[in-house]
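Data first, discussion second: the structure below is written as C-alpha cells.
The values are calculated or read from the model by the stated rules, or taken from the named source; none is laboratory data. The structure displayed is predicted, hence computed values, not measured ones. Neighbour counts run over all protein chains shown; Cβ positions are idealised from the backbone, glycine included.
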Amino acid sequence: MNWRRVLKGILIAIAVILLGFIQAGIFDRLKILECKPELVLCFVIVISCRMDFLQAGITGFAAGLYMDIVYGRYVGIYAFLYLTFCWIGSLLIGKAYERNRFLGLAVLPPLFFVYEVLESLMIRFIAVYTAGGGELYNYGYANHLVTRILPGAAYNLGVAIVFYMIMLLIVRIRKPKPDILYQGERGNVIDNAQ
C-alpha cells in the first residue's frame, strides 16, 4: 500500500470538507451580484491537473457527491458535473501544465464558463421536470446569462486562479533539490540526478 497516496487522499478529503463548510457558511454572506464561488469545484479542478485521468475522476465524483448530499437539491448533478470537469481539467490543464506551468491558466476561463452554462441548464431542466412543466427561463436566457452565468463564472475563475497560484507555489517549494553524485576529474560538479 502506498502510504503517500493514502495520506494525499485524506488531505484532499479534509480540504474538500473544510472548503464545503467555508462555502456554505462564510461565502453565503459574501455574494457578489447574487453569486457565490464554488470553492470545492475550484479546488478539485485545480488539483486535477496534477492527477491522472482515474484519480481526477474519483476525486471529482467524490467531491461532487459530497456537495450533492450535504448542500445540493438533487443528488447526482454535482457528482456528474465535478467528475466531468475534473476529467477535462486533468486532460486539458494537465497537458498545458506539462508544457508551461502558467499555460494552465489559459484553460480555466472557458472551462468555468462552460461549467456554469451546463450547471444552470441541468438544474433548470430538473426543476421544470419536477414541477410538471413550464418555462425554462422566465425572464429570457440572455438576461440569465448576464445576471447569473457570467458573474458565477467570473467569481469561480478568480478563486480558481488563486488556488492555481497556491498550487504552483507549493509545487515549487516541494520540488526536491538534485543530489550531487560525484565530482569530475577537474573538480567540476557533475549532477546525474536529473
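Quick one: which of C86, C35 is in contact with a Ser or Thr (Cβ under 7 Å, 6 or more places away or on another chain), hydrophobic (A, V, I, L, M, F, W, C) and in contact (Cβ under 8 Å) with a residue 40 or more places away in the chain? Explain how you work it out, then say what you get.
Working: C35 fails: in contact with a Ser or Thr (Cβ under 7 Å, 6 or more places away or on another chain).
C86 is the lone residue from the list that is in contact with a Ser or Thr (Cβ under 7 Å, 6 or more places away or on another chain), hydrophobic (A, V, I, L, M, F, W, C) and in contact (Cβ under 8 Å) with a residue 40 or more places away in the chain.
Is one or more of the residues making up the stretch 46-53 without any contact (Cβ under 8 Å) to a residue 40 or more places away in the chain, touching a Leu at 6+ places or on another chain (Cβ under 9 Å) and not acidic (D, E)? Can you show your working first?
Within the stretch 46-53, the subset without any contact (Cβ under 8 Å) to a residue 40 or more places away in the chain is 52-53.
From what is left, the residues that are touching a Leu at 6+ places or on another chain (Cβ under 9 Å) are 53.
Then drop every residue that is not not acidic (D, E), which leaves 53.
Within the stretch 46-53, one or more residues are without any contact (Cβ under 8 Å) to a residue 40 or more places away in the chain, touching a Leu at 6+ places or on another chain (Cβ under 9 Å) and not acidic (D, E).
Condition first: at negative phi and touching a helix residue (DSSP H, G or I) at 6+ places or on another chain (Cβ under 6 Å). Now tell me which residues in the stretch 121-134 satisfy that. First the steps, then the outcome.
First, pick out the residues of the stretch 121-134 that are at negative phi: 121-131.
The one that is at negative phi and touching a helix residue (DSSP H, G or I) at 6+ places or on another chain (Cβ under 6 Å): M122.
Against the definition (closer than 21 Å to F43 by Cβ, at pLDDT 90 or above, crowded, with 19+ Cβ neighbours inside 10 Å and of a type in the set (F, W, Y)), how does F80 come out, yes or no?
Values: closer than 21 Å to F43 by Cβ: yes; at pLDDT 90 or above: yes; crowded, with 19+ Cβ neighbours inside 10 Å: no; of a type in the set (F, W, Y): yes.
Answer is no for this residue.
Pick from the stretch 57-71 the residues that are free of Cβ contacts under 8 Å to residues at least 40 places away in the same chain and not aliphatic (A, V, I, L, M): which of them is farthest from S90 (Cα to Cα)?
Checking each candidate, the answer is D68.
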- Query: Given the structure, is I170 assigned to a helix (DSSP H, G or I), aliphatic (A, V, I, L, M) and within 21 Å of P37 (Cα to Cα)?
  - Reply: no
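Yes/no matrix, rows are residues, columns are (1) modelled with pLDDT of 90 or more; (2) over 24 Å from P109 (Cβ atoms); (3) aromatic (F, W, Y):
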residue	(1), (2), (3)
W3	no, yes, yes
K8	no, yes, no
A13	yes, yes, no
I17	yes, yes, no
F21	no, yes, yes
G25	no, yes, no
E34	no, no, no
M51	no, no, no
- Task: Name every residue in the stretch 10-43 that is surrounded by 11 or more Cβ atoms within 10 Å (Cβ to Cβ), in contact with a helix residue (DSSP H, G or I) (Cβ under 8 Å, 6 or more places away or on another chain) and of a type outside the set (A, V, I, L, M), in order of residue number.
- Result: G20, Q23, F27, C35, K36, P37, E38, C42, F43
- Only one residue in R148, R124, R99 is of a type in the set (K, R) and surrounded by fewer than 15 Cβ atoms within 10 Å (Cβ to Cβ), so which one is that? R99
